[in-house]
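The values are calculated or read from the model by the stated rules, or taken from the named source; none is laboratory data. Computed from a predicted structure; not experimentally measured. A quick note on method: Cβ atoms are made from the backbone with ideal geometry, for glycine too, and the neighbour counts reach across all protein chains shown. For accessibility, only protein heavy atoms count, side chains too; no ligands or nucleic acids. Shrake-Rupley method; radii C 1.70, N 1.55, O 1.52, S 1.80 Å.
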Amino acid sequence: MTARCKGCGAVLQSSDPQAPGYTPKEGSVYCQRCYRLIHYDDLTFSMRTGISEDQVLEQMGSADAKLVLWIVDLFDFEASMIPGISRKLDGRTIVLCGTKRDLLPATVSDTRLVQFIYSRLKEYGIRVKEVLLCEQDPEKLREDVFGAVRAYGGGRPVLVAGRANAGKSTFLNRLSQQAVLTSSRYPGTTLDFNPIEIEGITFIDTPGIEIRHSLLMCTREEDLRQLIPVQAVKPRVYQLHDEQSFAIGGLVRLDLLGVEKGSAVFYCSRALPIHRTRLANADAFWQKHYGELLQPICAEAASRTFTERLPQAKMDAVIAGLGWCALSGKIREVQVRVPAQTEVLFRKAML
Ligand SMILES: Nc1nc2c(ncn2[C@@H]2O[C@H](COP(=O)(O)OP(=O)(O)OP(=O)(O)O)[C@@H](O)[C@H]2O)c(=O)[nH]1
Ligand SMILES: [Mg+2]
């Protein structure tokens, strides 16, 4: 039988050090990439975006499973969405499992969060059977997950799927209360379908479905530590009295036009610096400080602008992979400039 790496699911091989599954040691259960990730937090080679959506869904289609646990990053919610997932997995029961709850401010109630999730799913046209908020407490997590497995699993293997970096492998490690699967902050860690037995049920960890439009895709690997929050984000609040411009590192520029009064509240990693200037000074500010005060930067500078006229209601300007800015008050328009591959969208405020 073909031996597979226990951490990432890749077929083990000893001929190509730059290819998935490489191990120089006969009889290893982990490939060299997983070994180095687990022990030294060192990425030997990057898959960057994850695996193509068609490829993962096609492989899921041939799996003997009734239930799909769809892992969704609650902090990077919009980037976690997979439009059309309920149609593409027709015939399977989908239970959404929200991870990274701990990154959201503790003041957000579970009820509010579940309401938000259902209303966004409706807007995306996605139907799921249930929404679970993944508990940090392993006992509670088990209770919730095995409840869904008993109800919808039909005694078959259970697929654990979602976008790259959503937290699938971490979720399964928590569920099994062991650290068998490799997890890391680098998107594209799991490389192939990788079964793991937990309490007599086979769960199948799957490779992350590619995230193409996230800022995480165009930042340098060494900057991911700064971009991805590791503790609850602390809202950073700015009162507005005139036209202002905000720089999030050297990655994103957010301009507010036609401001009478209002506020801008940023929800992103605490490690990312935010600078504000008057809008009239913003061009000169960027020219002078880009790459120095304005850090980190992307290989490719922000060049694509998303514009939205703001209604009175509170809105979030969401930057995929980074977080969001909640805007309220009398503001005519917001312009968000990001690197070309990054998506910005506007939604009714999450919090
Ligand atoms: N704060 C926080 N971080 C989490 C949580 N779950 C996962 N992470 C982090 O998110 C990153 C990605 O986790 P993984 O488990 O590797 O994600 P994945 O979905 O398996 O990723 P791929 O295999 O690349 O598709 C890691 O840095 C984890 O530590 C969570 O509940 N809270
Ligand atoms: Mg994984």
**Only one of Gln115, Gln178 that is among the polar types (S, T, N, Q), more than 23 Å from Met81 (Cα to Cα) and either open to solvent by less than 30 Å² (accessible area, probe 1.4 Å) or outside the structural domain of Gly321 (by TED's automatic domain parsing) (or both)** = Gln178
**Residue satisfying condition, being under 30 Å from Val265 (Cβ atoms) and open to solvent by 50 Å² or more (accessible area, probe 1.4 Å), within set Lys88, Lys122** = Lys122
**Prompt:** If you take the residues of the stretch 194-234 that are of a type in the set (Ser, Thr, Tyr) and buried (at least 18 other Cβ atoms within 10 Å of the Cβ), which of them is nearest to ligand 1 (Cβ to nearest atom)?
**Reply:** Thr206
**Single condition Ile71 does not satisfy, out of (1) under 28 Å from Lys234 (Cα atoms); (2) open to solvent by less than 20 Å² (accessible area, probe 1.4 Å); (3) in a loop (DSSP other than H, G, I, E, B)** = (3)
**Scan of the stretch 125-158 for residues that are open to solvent by 50 Å² or more (accessible area, probe 1.4 Å), under 24 Å from Asp64 (Cβ atoms) and either free of Cβ contacts under 8 Å to residues at least 12 places away in the same chain or within 16 Å of ligand 1 (Cβ to nearest atom) (or both), ordered by number** = Arg150, Ala151, Gly155
**Item:** Filtered residues of the stretch 172-191 (kept if more than 9 Å from ligand 2 (Cβ to nearest atom) and more than 13 Å from the chain's Cα centre (by Cα))
**Value:** Asn173, Arg174, Leu175, Ser176, Gln177, Gln178, Ala179, Val180
**Prompt:** over 21 Å from Thr307 (Cβ atoms) and either within 21 Å of the chain's Cα centre (by Cα) or not in a helix (DSSP H, G or I) (or both), is that true of Arg270?
**Reply:** yes
